[in-house]
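First the structure, in the form of structure tokens, and then the observations on it.
Nothing in this text is a laboratory measurement; each read-out follows from the coordinates by a stated rule. Here the structure is a predicted model, which means the values were calculated and not measured.
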Amino acid sequence: MTFIHLIFFTSTDEDVLTNLEGHRQAFQQIHRDRSVNGVPVPAEQLQDMAERFNFVSTSSHVHLIKLEFWEMKYRLMAFLILAESKLKSWIIKYGRRDSVELLLQNYIAFIEGHKFFEQYETTFRTLKQAADVYIKSDNSAEEREGVNKFLSDATAQWKNLSVEVRSVRSMLEEVISNWEKYSSTVASLQAWLEDAEQMLNHSESDKREFFRNLPHWIQQHMDMNDAGNFLIETCDETVSRDLKQQLLLLNGRWRELFVKVKHYARADEVDKLRKDYEDGILALKIFMDTSNERMNTPVQVSFLNIRTFLQDIEDIKHKVPAMEAVYKTATRNAQQLTKDTPQEEITQMLAAMATLKEELSKVTKALPLLRDAQALLPPLEEMEKHITGFYQSLEKASRITSTRDSETPGDFKQKCQELVTYQQSCKKCLTVIDKNHQIIMKALESSKTLKHLDTSLLQKRVAMVKETTEWKKHVEANSSLLKRFEESRAELEKVLKIARSSMTERGKPEDLLKKHTEFFGQLDQRVLNAFLKACDELTDILPEQEQQSLQETVRKLHKQWKQPRESECRAGAGKGDSIIRHVSFLLNNLGI
């Protein structure tokens, strides 16, 4: 009995059980009438029918569940049988391309048109639900084990079957692809062979040019054989026999031609090797020239120059590994070119490679200068920093000593203190400059890699700082002279203050004359001479335009001071004012 018959009987039973109520009413009518269509029915038979009908009625629900499970089970089995049947029709020895394309169309129509995989998933899901309900309604362990085994077997069978069904499409597409590749390569290779066989009678230059693309046809020949061999294995005997015969003929023609022209296959390869070799040599030469220039060109020693020099060397250091790789590649290309290059050219290539190897080695060995040059940066930076500090302090000191405006004693004292500070700053800068200069010169003298560095600019800058004596003149001499002048001015102002007080004093003329004579007599010895001496010393360092004014003021003061003491006494306060005016004028012209 087939699965179709089983499904039919199951469906019939299901219909009977579904319409059980209608059958019940018909049976009850028969039981009341004790006959069927007027034909009497024995009581024993009616009793038997009643018992059987009662049994069917009480077990109908369970029986319906079982029938539903069986129906889905047989549907799934029918589905699997159909899938296996279709698979056998697809997994065959193929024919020519058009038949394979029809087979692919049939496959797509069945799988995609009928939603093959979606139908299976729906059927299996419904079967699984019916099985769960059936197992719950039947407590038989044997029945439950049987249902679970069927589900497990069906799952395993479908797993393998679905993989094979899915792979059919890719296989059919691959066969079609190989037919397409085989057909196109056979057609193009046959046409090329005819032209190539005729080209054998042409000149060497023509043959070289024609067979320049021989590597392309070598690949075409390989593609043809790969596709042909695949088709021979997958197609039926008749098609395979035709394919073998065609390949045999074409491969025979190919071998006969290839023996005569195979040496042309390297023409493009040799050209490429030569270009790669020349590009590598050019890159190496550019690197060597640039490196030698940066490493050997004289460099003036300064912080910025050495830092730039270090950056150049760092750049060279980072490029060395890449250049070593370029050299190895160029060497390998040169070795391969020896098979197709005249001996004279080979000799030139080997000489060029040897020279480049030697120069690259020199660059690599010279890289330790990086360490020596780096050691110069800290002392150079510190030295140049203090050279700048020296000139800044010198400029500030010069601004103080060149100022000639009238100032109070407090301002003058502050300026003197500032001059001392700048003096100490200049001395400290000179000490640091000299110390770092010695360190730099010692490092350069002991280094074997920095002989090309030029120290002339450095030496000149240090010499200029050491030979700058202006700051000593401004700071040391001016400081000392101005200090003495400040002391004498303070003393003179003290005396003038007493003089002004005396001039306004009231009393007897004889007593005042005596007192004033004694005071101004002492002034001649102690104050005025000291002040005038300080003025004379300052004259040496004052600008010329200020010296004349100072000398005129001093002469006027001398003349006034030598007047008789009596006239000074008679002049009273007016004389004291005259002295004060002259001294004040003197102080103003001194810029104090």
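For this structure, a couple of remarks:
- Spread of Cα-to-Cα distances over 10 Å intervals beginning at zero, given as percent, for segment 177-311: 10, 26, 18, 13, 9, 9, 9, 5, 1, 0
- Debye equation applied to the C-alpha atoms of segment 268-374, log10 I(q)/I(0) at 0.11, 0.22, 0.23 Å⁻¹: -0.42, -1.11, -1.18
- Residues whose amide H comes within less than 5 Å of that of ASP454, counting only those at least five positions distant or on another chain, are VAL299, GLN300, VAL301 (H built at 1.01 Å from N in the peptide plane).
- Violating pairs (Cα-Cα greater than 28 angstrom) within the set LYS88/LYS115; LYS86/LYS128; LYS396/LYS442; LYS275/LYS365: LYS396/LYS442; LYS275/LYS365
- For CYS235, the residues whose modelled amide H falls within less than 5 Å of its own, excluding neighbours fewer than 5 places apart on the same chain, are TYR94.
- Length gained on full extension, MET464 to GLN374: 29.8 nm, using 0.36 nm per residue less the C-alpha separation.
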